[in-house]
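Written below as structure tokens is the structure these notes are about.
The values are calculated or read from the model by the stated rules, or taken from the named source; none is laboratory data. Since we're looking at a predicted model, the values are computed, not measured. Ideal geometry is used to build each Cβ from the backbone, glycine not excepted, and the neighbour counts take in all protein chains shown.
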Amino acid sequence: MSSRIEQLIDEIEEYIEGCKYQPLSNTKIIVNKEEIDELIRELRMKTPDEIKRYQKIITNKEAILNDARNKAKTLIDEATVHTNELISEHEIMQQAYAQAHEVVTLATNQAQEILDTATMEANNVRSAAMQYTDEILANLETLLNQTINTTNSHYDSFIGNLGNYLDIVRTNRMELNPPEAELLDEASMAAIPDEDDVVPAALNIM
């Protein structure tokens with residue numbers, strides 16, 4: 001069964017897919033601000049609840065361990081009482097001591113097994129809860145990053161196109177209205193005589 005956060009992410013994706021494109025655009029869509037705000041608001045409200053629920057599961061680890069400790073303590077207490085009863089019988093003191101040691105050892109081993117099993121189960125529950133929570137947050141992070149990247153790429157493309165149009169307009173204007181400096185340079189070059197037409201000053205004196 002999926003969580004409400006997963007359902008909200010699916011609803012946001014379906015809503016975006018169902019939006020109409022803006023006129024003359026294949027990338028920009030028309031969004032109803034109230035509807036998308038409502039989905040995001042509910043997502044923001046549900047996220048802490050989901051995290052608290054998984055934190056509660058993790059907290060149950062302590063309850064599992066406490067229950068295991070109590071069972072282990074009960075076993076050891078029972079073994080101790082039984083040992084004391086055996087030792088109180090002087091005729092079978094040696095036998096009672098051996099039996100008591102065996103009972104205590106068995107109870108201690110069983111208690112350790114219970115603690116080990118409980119610890120493993122608690123860690124498995126904790127790992128599963130943390131992994132599930134991380135997957136939910138990772139999906140949310142991916143959706144937000146995709147939205148940001150899409151918006152940035154569209155904006156950069158739009159600015160680049162405007163710059164290209166501006167360069168074309170400037171080029172066309174310069175071709176229609178050449179700068180005055182270029183006109184003056186062309187007039188000056190026309191006024192300078194060719195080298196063949198210039199007579200050296202020494203020849204004029206002679």
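I'm checking my understanding of the structure. Among residues of region 167-183 that are modelled with pLDDT of 80 or more and acidic (Asp, Glu), which one is surrounded by the most Cβ atoms within 10 Å (Cβ to Cβ)?
Taking region 167-183 as the starting set, the residues that turn out to be modelled with pLDDT of 80 or more are 167-176.
From what's left, acidic (Asp, Glu): 167, 175.
Details: 167: 10, 175: 8.
Going through the qualifying residues, I end up with 167.
Mind listing just one residue for me: the one in region 1-26 that is of a type in the set (A, V, I, L, M, F, W, C) and modelled with pLDDT under 85 and, of those, farthest from residue 38 (Cα to Cα)? Please lay out each step first, then the result.
Here is the first cut: in region 1-26, the ones of a type in the set (A, V, I, L, M, F, W, C) are 1, 5, 8-9, 12, 16, 19, 24.
Now drop any that are not modelled with pLDDT under 85, which leaves 1, 5, 8-9, 16, 19, 24.
On the way: 1: 23, 5: 14, 8: 10, 9: 13, 16: 14, 19: 16, 24: 28 Å.
Among those that are of a type in the set (A, V, I, L, M, F, W, C) and modelled with pLDDT under 85, it is 24.
Residue-by-condition table, conditions (1) of a type in the set (Val, Ile, Thr); (2) assigned to a helix (DSSP H, G or I); (3) modelled with pLDDT under 75:
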site	(1), (2), (3)
82	no, yes, no
91	no, yes, yes
95	no, yes, yes
99	no, yes, no
108	yes, yes, no
114	yes, yes, no
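Looking only at region 1-33, count every residue that is in a helix (DSSP H, G or I) and surrounded by 12 or more Cβ atoms within 10 Å (Cβ to Cβ) and tell me the total. Outline the logic, then answer.
So the first thing to find is which residues in region 1-33 are in a helix (DSSP H, G or I), and the list is 4-18, 33.
Those still in the list that are surrounded by 12 or more Cβ atoms within 10 Å (Cβ to Cβ) too: 4-13, 15-16.
Here the count works out to 12.
Quick grid of which residues meet (1) under 30 Å from residue 25 (Cα atoms); (2) of a type in the set (S, T, N, Q):
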{"residue": "77", "(1), (2)": "no, no"}
{"residue": "84", "(1), (2)": "no, yes"}
{"residue": "104", "(1), (2)": "no, no"}
{"residue": "127", "(1), (2)": "no, yes"}
{"residue": "157", "(1), (2)": "yes, yes"}
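Check region 71-80 and report whether any residue there is under 19 Å from the mean Cα position of the chain (by Cα), surrounded by 11 or more Cβ atoms within 10 Å (Cβ to Cβ) and not basic (Lys, Arg). Checking region 71-80: not a single residue is under 19 Å from the mean Cα position of the chain (by Cα), surrounded by 11 or more Cβ atoms within 10 Å (Cβ to Cβ) and not basic (Lys, Arg). Applying a threshold of 8 Å to beta carbon distances and a minimum spacing of six or more residues, or different chains, the list of pairs starting in region 82-108 at a residue that is within 19 Å of residue 72 (Cβ to Cβ) and ending at one that is modelled with pLDDT under 80 and of a type in the set (A, V, I, L, M) reads 83/96; 100/86; 100/87. Of the residues contained in region 98-114, none is found to be of a type in the set (Ser, Thr, Tyr), loosely packed, with under 12 Cβ neighbours inside 10 Å and within 40 Å of the chain's Cα centre (by Cα).
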